[in-house]
Amino acid sequence: MATTKIQDESDKESTTSSITTMAENSTPRSWMSSTTNLSFSSSRRTSISTETPYNFSNSHKPHKSNQIPWELIKKLRVKTGQIKLEHFRLLRRVGSGDIGNVYVCEIRNPIIGNGWPENYTMSRGLLPQCFYAMKVVDKEALLIRKKLQRAEMEKEILGIIDHPFLPTLYAQFEASHYSCLVMEYCPGGDLHAARQRQPGKRFSISSAKFYGAEILLALEYLHMMGIVYRDLKPENVLVRADGHIMLSDFDLSFKCEVIPTLIKSKPKPNDQKNTTTCISKHSYCSLPIQPVLSCFLSPKIDQKIVEIQDHNSEIVAEPINARSRSFVGTHEYLAPEVISGQGHGSAVDWWTLGVFLYELIFGTTPFKGENNEKTLVNILKKPLTFPRIGISSTSKEYEEMVKVQDLISRLLVKNPKKRIGSLKGSVEIKRHEFFKGVNWALIRSIKPPEIPSDLVKLKTRNAAAVIPKLSKKQREEPYQIPQYFDYF
Ligand SMILES: Nc1ncnc2c1ncn2[C@@H]1O[C@H](COP(=O)(O)OP(=O)(O)OP(=O)(O)O)[C@@H](O)[C@H]1O
C-alpha cells in the first residue's frame with residue numbers, strides 16, 4: 001500500500017491555500033504540510049505527571065458502565081486523587097504513528113479494596129489482569145514539527161466521544177513533556193493487517209458488510225457530534241478483543257457545529273405514504289428546528305433533538321453543510337473536493353467509506369496510480385471501474401456483489417452534492433439494498449468475522465506470548481519515570 005496521509009492547517013474556514021510538503025518522520029502512508037504557524041506556548045518540564053484538568057470523575061461513559069477497565073480507572077482515581085504515569089506499567093509498544101507511540105499497559109498492583117462485585121475479584125481482592133493502550137505524545141517534539149495542534153484536536157475529540165465502535169478515553173495526564181492518553185486496548189491489530197491474512201488478500205463480501213456497517217455507525221455518531229473524521233482507511237480500524245471494530249486516530253478530524261435540519265418531503269398526489277424515497281433537490285424544503293427534547297449527554301447536542309410529528313419529515317443531524325478547506329487525508333482515500341480545495345464537509349467520509357469497502361473487497365483502492373500525483377489525477381478524472389473476480393453469476397454472492405458495487409458507485413460520486421449521504425446523511429446509506437437486513441440496533445451482538453487470536457492466547461493462559469510476564473520483584477518495585485520514551 002502506498003497511500004499517504006496529508007494535512008494542512010486551514011481547518012478554521014481559512015481561505016488561504018496551502019503548500020504541502022513532505023513531513024519529516026512521516027510514516028509511509030503519512031505526510032503533511034508544514035505551513036502552520038501554531039500559537040501553542042512551549043510547555044516547560046515543570047510538572048512531572050499531572051492529570052489534565054478534565055472532570056473524568058463526572059464524565060459519563062454509559063456504554064462502558066460496569067466494565068472492569070472503566071470501573072478500575074474510576075476506583076484508581078478515587079483512591080489516588082489523580083491518575084499519573086507511575087500508576088501504570090508499560091508492557092510493550094504496540095504501534096507508532098506520526099504523532100505518538102502506543103503502548104499496552106496495565107495498572108500497577110490493582111488491589112483496590114472492598115466494594116467490587118464478587119465476580120470481578122480473584123482471591124485476596126486482586127483484580128484480573130486488565131490491559132489498556134496508552135498513547136504517548138512528545139509535545140515538545142510535536143511543537144517543533146508543528147503538529148501539536150493535531151494532537152490537541154485528537155485529545156479533545158477523545159474526551160467527548162462515547163460509542164461502542166470508537167475509543168474510550170479512560171484517563172489523560174501529562175508526564176514531563178509527554179502527554180499520555182489511556183484508552184481501551186485492541187488486541188486484534190488493524191483491518192489492513194487483517195486483510196493481508198485473507199485468501200487473495202480480500203475480505204468476503206459478508207465480512208466487508210459487517211465492517212462497513214460498524215464503520216457507518218461510528219461515522220454517523222461522529223457526524224452527529226459535529227466531527228468530520230476524514231481519515232478512514234483500514235489501518236485506522238482496529239479490532240477489539242471481541243472482534244468488533246474501533247475507529248481510531250482522530251488527529252485529522254475537524255469539529256464543527258451541527259445545526260439539525262428538518263427535511264420535509266412534498267407528498268406525491270397519489271402516494272401520500274411514500275416518504276422514504278430519495279428526495280430530489282427540488283422537492284424538499286429545509287426548516288429551522290425548535291428544540292423540544294433531549295436524550296444526549298453532550299450539552300452541544302442537548303439543544304438539537306426534535307420531536308417529529310409529520311411523517312413526511314426527516315431530521316438530519318449531521319454536518320452536511322460544514323466546510324473546511326484543509327488538504328488532509330490519505331492519498332488513495334482523498335475525496336475529489338479535498339483535492340480541488342473547493343471546501344468539503346461530511347460527504348468526504350462517505351467517499352472514504354466507498355474507497356474502504358472497495359479495498360476490503362477487491363484488495364486495492366479504486367484510483368491508485370503509479371505515484372501519488374497520478375492517484376490524485378485519477379481521483380479527479382478517472383471513471384470508477386471494478387475488477388473482475390471469479391464469482392458465479394447464479395450465486396448469492398453474485399447478487400451481493402451487484403449490490404455492493406451499486407453502493408460503492410453511489411459513494412464514489414465525484415460531485416459531493418450528488419453523493420449518497422449528502423442530503424440526509426447516514427440514513428440514506430443505511431437504507432441501501434446492500435445493507436438490507438442489517439439489524440443496526442443489535443449489530444454489537446452479531447458474531448464478527450474474526451475473533452483476535454491474541455484473545456484466544458490470553459484465554460488459554462498463554463499470555464506470555466503476547467505480554468511479557470513480570471516477576472514479583474518487578475511488580476512491586478517503585479516506578480521511575482523514564483527520561484526518554486523510545487519515541488522516534
Ligand atoms: N487502542 C489501541 N489498541 C491497540 N493498538 C493501538 C491502539 N491505538 C493505536 N494502536 C496502534 O498504534 C498505532 C499508532 O496509533 P495512532 O494511529 O493513533 O497514532 P498516530 O501517531 O496518530 O498515527 P498516524 O500516523 O496514523 O496519525 C496504530 O496503527 C495501532 O497499530
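A few notes on this one:
- Peptides 158-165, 194-201 ordered by average Cβ neighbours within 10 Å, highest first: 158-165, 194-201
- For the range 325-408, the pair-distance distribution built from all alpha carbon pairs, in bins 5 Å wide starting at 0, is 3, 14, 23, 23, 16, 10, 7, 3, 1, 0 percent.
- Counting 0.36 nm for each residue step from GLU156 to GLU373 and taking away their Cα separation leaves a gain of 74.8 nm.
- The distance separating the Cα centre of the range 365-436 from that of the range 194-240 comes to 15 Å.
Bear in mind these aren't lab numbers, they're just calculated from the coordinates by the rules spelled out. This is a predicted model, so every value here is computed, not measured. Neighbour counts are summed over all protein chains in view; Cβ atoms, including those assigned to glycine, are modelled from backbone coordinates with ideal geometry.
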